[in-house]
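Working notes for the structure below.
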Amino acid sequence: MKRRLIGFVFGFGLLLLLCAVPAWAISNPGSVSIGDAAVFGDILETGDQLYFCRYDVAYSSEPSEDAEDTFQMAIYNSDGSFTGYFQPLHYYQHNIITIYLTSSQALTWGVDYKIRITGHPAIFSPLIEGTNMKTVTLSGGDWHDFKDMAEFLISQAKILEDDWGFALLTSTDKLNTTGSVYFTEAIPGLYNMLPEIFQYTASYPSVGNMGWTNATAGNFTERKGAILKGALEKIADWLGTTPNWIGLWIIGMFLSLVAAPVFAATRQPTVGLLVASLAIPLGVAVGVLDLAIYELVFIMIGILFAILFIQSRFG
Amino acid sequence: MQNYGERLPVDTRIIQRIMRSPQMMTEQGEGFMSEWGGPALYTRLARRPVAERMVYYAISEGHTTSDAVSVATGLDVKTVEGAVSSLKRQGLVEKGAVTTEKGL
């Protein structure tokens with residue numbers, strides 16, 4: 001009986017451990033308020049939207065729990081149903097937060113959606129307007145074109161700067177390093193949206209791809225004329241290959257015919273190769289060889305000469 | 001000072017992040033949060049009960065009696081005296097910085 005009792009207590013304890021969930025002891029804030037809510041459209045692509053909110057989740061004694069776990073910004077339809085879009089807050093107290101929607105996610109422009117700063121439903125129960133959540137309904141004046149966004153954000157930075165008691169802007173009303181950190185944290189992609197509002201920005205020069213037409217190579221190819229072209233095509237057809245290969249073989253044979261007597265007369269392979277290599281531009285000039293082959297052979301001859309030169313000097 | 005620190009304008013995580021960045025600290029300069037006695041003090045007091053914080057800032061503003069602190073902050077004298085005792089235990093206020101009827 002005693003063993004059964006011990007087993008029961010042990011099993012019950014184990015069950016409690018398995019079912020353990022983190023306990024949240026956070027209290028309601030002193031107040032929750034929304035300073036400004038706004039929506040901007042056509043930012044990074046046509047039809048995208050940025051929902052902006054400046055809030056104050058005012059705790060008189062700052063909680064040890066992270067704001068990401070306890071509070072969020074959410075967008076609700078005008079009938080009070082949830083749109084499905086929300087973003088955890090990064091910080092308590094006075095700050096800003098946004099929700100970015102791509103054009104495929106975007107909501108209907110100009111509708112009276114509700115922007116809500118609210119405690120997490122699993123932590124704050126019940127959720128009471130004015131106690132642990134605050135809701136504002138978007139009106140016509142809250143919907144802005146992208147061109148107004150820079151001025152709006154700078155004005156928001158000034159409000160935060162005055163309240164926080166430290167600098168977020170430069171003397172020329174650009175976001176300094178501190179301002180940049182917190183604004184890009186609240187608005188991911190802000191560097192791409194509005195690079196002009198930052199004191200420091202990095203940009204990359206755009207380099208367009210070259211449009212190669214191969215016009216010069218085409219002009220050389222056309223030089224061989226109809227008779228030579230027909231001959232090359234017939235030989236290629238007979239041997240089951242392409243006219244380009246036939247042209248290469250002909251020039252190769254010609255190169256050997258020139259190189260052999262030159263080498264025999266001079267006993268210098270370098271001189272033989274040098275003289276014979278003149279056959280390659282000749283082949284290109286009459287349109288038998290492709291210009292690319294000439295360039296390739298030219299590079300190979302250059303490397304060969306370099307090797308021979310090094311060998312003769314240092315070998 | 002806004003209501004002797006009754007309201008915290010900024011999350012201490014922001015302050016701590018600035019303090020960890022030499023570039024941001026340089027940018028802010030010597031006057032960084034001078035209204036709050038500096039970033040480190042703001043961070044320390046932000047986690048304390050609001051009464052303690054208000055009493056601390058009232059004392060640092062020059063109020064030397066519990067009655068004067070009570071009038072300045074709007075807190076009752078008993079709360080002020082309790083906050084002073086707590087601040088003394090933590091070494092945030094020196095003994096004798098605030099005089100009370102009981103001679104604390």
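If I ask for residues that are β-branched (Val, Ile, Thr) and either within 13 Å of chain B (Cβ to nearest Cβ) or part of a helix (DSSP H, G or I) (or both), which ones from the range A:156-208 would you list?
The initial filter retains those residues of the range A:156-208 that are β-branched (Val, Ile, Thr), namely A:159, A:170, A:172, A:177-178, A:181, A:184, A:187, A:197, A:201, A:207.
The answer is A:ILE159, A:THR170, A:THR177, A:THR178, A:VAL181, A:THR184, A:ILE197.
Out of everything in the range A:40-59 that is hydroxyl-bearing (Ser, Thr, Tyr) and buried (at least 19 other Cβ atoms within 10 Å of the Cβ), what residue ends up being farthest from the other protein chains (Cβ to nearest Cβ)? This residue is A:TYR51.
Of the residues making up the range B:51-58, not a single one is at the interface with chain A (Cβ under 9 Å from one of its Cβ atoms) and modelled with pLDDT under 90. Of the listed requirements (1) of a type in the set (Asp, Glu); (2) outside any loop (DSSP other than H, G, I, E, B); (3) within 13 Å of chain A (Cβ to nearest Cβ); (4) surrounded by fewer than 20 Cβ atoms within 10 Å (Cβ to Cβ), B:GLU30 misses just one: (2).
No other residue among A:LEU273, A:LEU289 is out of contact with any Asp or Glu (no Cβ under 6 Å at 6 or more places or on another chain) and not in a helix (DSSP H, G or I) apart from A:LEU289. Check off (1) among the aliphatic types (A, V, I, L, M); (2) away from every other protein chain (no Cβ under 14 Å); (3) touching a helix residue (DSSP H, G or I) at 6+ places or on another chain (Cβ under 8 Å) for A:LEU101 and give me the number that stays unchecked. Of the numbered conditions (1) among the aliphatic types (A, V, I, L, M); (2) away from every other protein chain (no Cβ under 14 Å); (3) touching a helix residue (DSSP H, G or I) at 6+ places or on another chain (Cβ under 8 Å), the odd one out for A:LEU101 is (3). Just a yes or no: is a residue in the range A:283-291 without any contact (Cβ under 8 Å) to a residue 40 or more places away in the chain and acidic (Asp, Glu)? No: zero hits. Pairs are defined by a Cβ separation below 7 Å, a sequence spacing of at least 6 or placement on different chains, a first member in the range A:239-259 that is within 17 Å of A:THR221 (Cβ to Cβ) and without any contact (Cβ under 8 Å) to a residue 24 or more places away in the chain, and a second member that is surrounded by 15 or more Cβ atoms within 10 Å (Cβ to Cβ) and among the aliphatic types (A, V, I, L, M); the pairs so defined are A:THR242/A:ALA236; A:PRO243/A:LEU232; A:PRO243/A:ALA236; A:TRP245/A:ALA236; A:ILE246/A:LEU232; A:ILE246/A:ILE235; A:ILE246/A:ALA236. The single condition from (1) surrounded by fewer than 20 Cβ atoms within 10 Å (Cβ to Cβ); (2) over 27 Å from the mean Cα position of the chain (by Cα); (3) of a type in the set (Gly, Ala, Ser) that A:GLY84 fails is (2). The set of residues from the range A:201-253 being within 30 Å of B:GLU27 (Cβ to Cβ) and surrounded by 10 or more Cβ atoms within 10 Å (Cβ to Cβ) comprises just one member, A:THR201.
The values are calculated or read from the model by the stated rules, or taken from the named source; none is laboratory data. Not measured: the values here are computed from a predicted model. Reconstructed Cβ throughout: ideal geometry from the backbone, glycine too, with neighbour counts over all protein chains shown.
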